[in-house]
Amino acid sequence: MEIITAKSAGFCFGVKRAVDTVYDEINKGGKIYTYGDIIHNEEVVKDLGEKGVTVINSIYELKDLSEGTVVIRSHGISKEIYDILKAKENVRVVDATCPFVLKIHKIVEEESARGKNVIIIGDRDHPEVQGIMGFSSTPVTCIKTAEEAENYVPERGIPTVIVAQTTFNIHKFNNFVEILHKKCYDTTTVNTICNATEQRQTEAGEIASRADAMIVIGGRHSSNTRKLYEICSEKCADTRFIQTALDLNRDSLDGVNCVGITAGASTPNYIIEEVQKHVRGTDF
């Protein structure tokens, strides 16, 4: 059996930076919190929990916090939550927001201050997008599908800025932008999909087109991993979405000549290596 593993699989820069930040804070001691899961990987979040890290899941929990260290997740937070954190005298804040996400915050804040309405191409339920929305002082529209792009009705005479969730499908982004440019007055488009995402998606598609079976590894709530699964499924009919090697039935690969493996940006290297060993039929 030939096994092709994507070189781009696994932690991206922003995710590695966020995870390393939390472990560094653990080593310093004291009570550590993260606002939301630091990354969308259940294995990593579980390990941090076992080391004493508490996840704050809502603004109401945050308001009750009186001391400790809060690490801001890689996906970022809204300006409102930043302001609440800054107002807490005995709470130390460590910002682990991905720099690519911070760039979008700045674009949206500045462009909305100039009076532009904001369109975010992405998933409105994703924490990254919710955080970006919180930096706009003008109306924000989130567009996830071609139908939503077609149905969008811009305000007459109001300029628009278009940005993207960092992990959005690059081909869909370009398609939606083309649709929106025909509708919107005075439109500025900034492709804010990060380079690592584009590289990961392109490589995954290339491997899937060659593989008889494709394995995509990542957290069930990981947006970028779902995008990889979607891309690979278009190229390879036998595409599997797993979180760990335990989710993969090795016997189901009997007779398969070529297996491709890729992983989302929140997947640790040790999980990828365990999957590779399992596919080869060795212990992990």
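No lab work stands behind these numbers, since they all come straight from the coordinates. Because the structure is a prediction, the values reported are computed rather than measured. Quick reminder, even Gly has a Cβ in these numbers, built from the backbone with ideal geometry, and neighbours come from all protein chains shown.
Where does the Debye-calculated log10 I(q)/I(0) of the stretch 1-103 sit at q = 0.22 Å⁻¹, using only Cα point scatterers of equal weight, no solvent? Here the Debye-derived log intensity ratios amount to -1.20. Rounded to the nearest Å, what's the spacing between the alpha carbon centres of the stretch 68-111 and the stretch 235-284? Just the number, please. So the separation of the two Cα centres works out to 35 Å.
Only beta bridges with both residues in the chain are counted; by DSSP, about 0 percent of them are antiparallel.
When the Gaussian network model of the chain links Cα atoms closer than 10 Å, the mean-square fluctuations of Val259, Val190, Val19 top out at Val190. When the Gaussian network model of the chain links Cα atoms closer than 10 Å, the mean-square fluctuations of Tyr60, Tyr229, Tyr33 top out at Tyr60.
Each Lys or Arg adds one and each Asp or Glu subtracts one; over the other residues with Cβ under 15 Å from the Cβ of Ala87, this totals 0. Note on Lys106: aspartates and glutamates with a C-alpha under 19 Å away, same-chain residues under 8 apart excluded, are Glu80, Asp83, Asp95, Glu128. When the scattering of the chain is computed by the Debye formula from its Cα atoms alone, each counted once and equally, what is log10 I(q)/I(0) at q = 0.07 Å⁻¹? For the requested q values the scattering log ratios are -0.29. Taking amide H as placed 1.01 Å from N in the peptide plane, the amide H of Gly260 sits under 5 Å from that of Ile4, Asp212, Ala213, Met214, Ile215, each at least 5 places away or on another chain. Residues Asp254, Asp24, ranked from the fewest to the most other C-beta atoms within 10 Å, line up as Asp254, Asp24.
Its alpha carbons give the stretch 100-189 an Rg and a Dmax of 11.8, 31 Å.
In the chain, helical runs assigned H by DSSP with n ≥ 4 each contribute -39500 (n - 2.57); averaged across all residues and rounded to the nearest 500, the mean residue ellipticity at 222 nm is -12500 deg cm²/dmol.
You can think of it this way: the chain between Glu109 and Val93 has 3.6 nm of extra reach, that is 0.36 nm per residue less the Cα-Cα gap. Taking Ile217, Ile158, Ile242 as the candidate residues, the one with maximal mean-square fluctuation in a Gaussian network model of the chain, Cα springs under 10 Å, is Ile158.
Excluding same-chain neighbours fewer than eight residues apart, the lysines reachable from Lys28 by a Cα-Cα span under 17 Å are Lys51.
For the chain, hydrophobic long helices are taken as DSSP H runs at least 18 Å long by C-alpha position along their axis with mean Kyte-Doolittle hydropathy of 0.0 or more; these are 99-113.
Counting every other Cβ atom within 10 Å of each residue's Cβ, Glu42, Glu80, Glu50, Glu128 order from fewest to most as Glu50, Glu80, Glu42, Glu128. Under 5 Å between amide hydrogens, built in the peptide plane, is the criterion, and for Thr188 it picks out Thr160, Val161, Ile162 among residues at least 5 positions away or on other chains. Each Lys and Arg Cβ is given +1 and each Asp and Glu Cβ -1; about its Cα centre, the chain then shows a dipole of about 580 debye.
Annotation: the residues Ser78, Ser222, Ser252, Ser136, sorted from fewest to most other C-beta atoms within 10 Å of their own C-beta, follow the order Ser252, Ser78, Ser136, Ser222.
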